[in-house]
1. Just add up the charged neighbours of Ile120: K/R +1, D/E -1, any other residue whose Cβ is under 12 Å from the Cβ of Ile120.
2. Spelling out what I want: for every residue of the stretch 167-174, take phi, set θ = phi - 60°, compute 6.51 cos²θ - 1.76 cosθ + 1.60 (Karplus), and round to whole Hz; glycine and proline get x.
3. Taking K and R as +1 and D and E as -1, what net charge do the other residues with C-beta under 14 Å from the C-beta of Ala193 add up to?
4. Given points 7 Å out from each Cα along the Cα-Cβ axis, report the Cys219 to Gln140 separation in nanometres with one decimal.
5. For the chain, find the longest principal axis of its Cα atoms and tell me its angle to the long axis of helix 126-139, 0 to 90°, nearest 10.
6. How tilted is helix 181-194 with respect to the longest principal axis of the chain? Cα atoms for both, answer in degrees (0 to 90, nearest 10).
7. Got a sec? Charge dipole of the chain, +1 on Cβ for Lys and Arg, -1 for Asp and Glu; which of Val225, Leu121, Val172 is way out at the positive end?
8. So what are the chain's ellipsoid semi-axes, whole angstrom, largest first, if each one is the square root of 5 times an eigenvalue of the alpha-carbon gyration tensor?
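What follows is calculated from the coordinates using simple rules that are stated; it is not laboratory data. Note that the structure is predicted; figures quoted are calculated from it, not measured. Neighbour counts are summed over all protein chains in view; Cβ atoms, including those assigned to glycine, are modelled from backbone coordinates with ideal geometry.
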Amino acid sequence: MDLGAAAFPVAERSVTVLDSAPVGRRYHRLVLDAPDLSARSRPGQFFHLLCRDGAGGGPYLRRPMSIWRCGAGVPLGFLFHVKGRGTAALAGLRAGDALSVLGPLGRGFRLEPGWRRILILARGVGLATLAPLTVAAAAQGIAVEAVLSARAAADLMAEEFAGGSGAVIHPVLDEDGGSDPARVEALLRARFAAARPDAVFTCGSNRLFLLLQRLAAECGIPGQVALEQQMGCGLGMCFCCVRQIRGEGGAVVNLRVCAEGPVFDLQAAMAW
Ligand SMILES: Cc1cc2nc3c(=O)[nH]c(=O)nc-3n(C[C@H](O)[C@H](O)[C@H](O)COP(=O)(O)OP(=O)(O)OC[C@H]3O[C@@H](n4cnc5c(N)ncnc54)[C@H](O)[C@@H]3O)c2cc1C
Ligand code: FES
């Protein structure tokens, strides 16, 4: 099943904030009243958000944000790391405020018929991008195992990730050395041997992406990766988000993350 076909027309809309709250030490969640946009959003797609603070200031360019929660009857949600001016303005929004959103945009994750088990490897806020995939997989009877990497237990956001999907989570943390690449590799090899996944998915770390790409190639497991790139238009027109991707026959091609991605085949994507 293709979870990623962009629905058209893409809407630019002013919507109302339902909930805005800090999550853990460095993250923030924003939940919006946009039932129709939520119903046609797919895991792995994103919205381009106009980040205005209370005084109407904020950066000129919109900021791309993965869909964290979506679906029929589910309020549209985003979960983000408060980094700079744009995300700080978003975090300053309160229930009842208006927010201009553009989307849903891009191509999301694909779940193939017949898959019974997937494995997700996510780091930091990459888990926000992969969270809705757990819900979509569970709805199709696909079991989800996830290796979540974070600095500390306080940053893990396991509940925000699993969203009631029943995903089995293996935390790996910087604070106890569990996120060391050699230990993550050993854990992945053990999970592949115990319950070989039909596909693997990743987002949030170049290092983990390269590790999963190598192991998946070695074991013949297909995979997908959600890439991040700074964006201008978000609509495929400005070409500021171009990344090199291995095309047919291994030739390197330049593709737009906002239009041909942000989700790409794991073996086609290239390190950054
Ligand atoms: C498709 C897509 C989905 C994303 N989904 C999420 C998400 O779900 N949650 C989340 O926290 N973040 C997500 N991001 C990253 C998010 O867009 C940036 O963190 C945000 O634009 C930073 O804006 P700012 O104004 O707060 O910070 P800025 O002041 O613009 O930047 C602060 C720092 O973040 C870096 N940065 C800015 N934009 C990006 C980017 N696009 N990718 C990587 N680094 C960037 C800058 O180089 C700088 O170091 C996503 C990015 C893309 C392309
Ligand atoms: S951001 Fe403009 S083409 Fe991708």
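1. +2
2. Ordered by residue, 3J(HN,Hα) equals 4, 8, 10, 10, x, 10, 10, 5 Hz.
3. Around Ala193, the charge tally is +1.
4. The answer from the label model is 1.9 nm.
5. 70 degrees
6. Long axis of 181-194 versus the principal axis of the chain: about 70 degrees.
7. Selected residue: Val225.
8. With the √(5λ) rule applied to the chain, the semi-axes are 29, 21, 18 Å.
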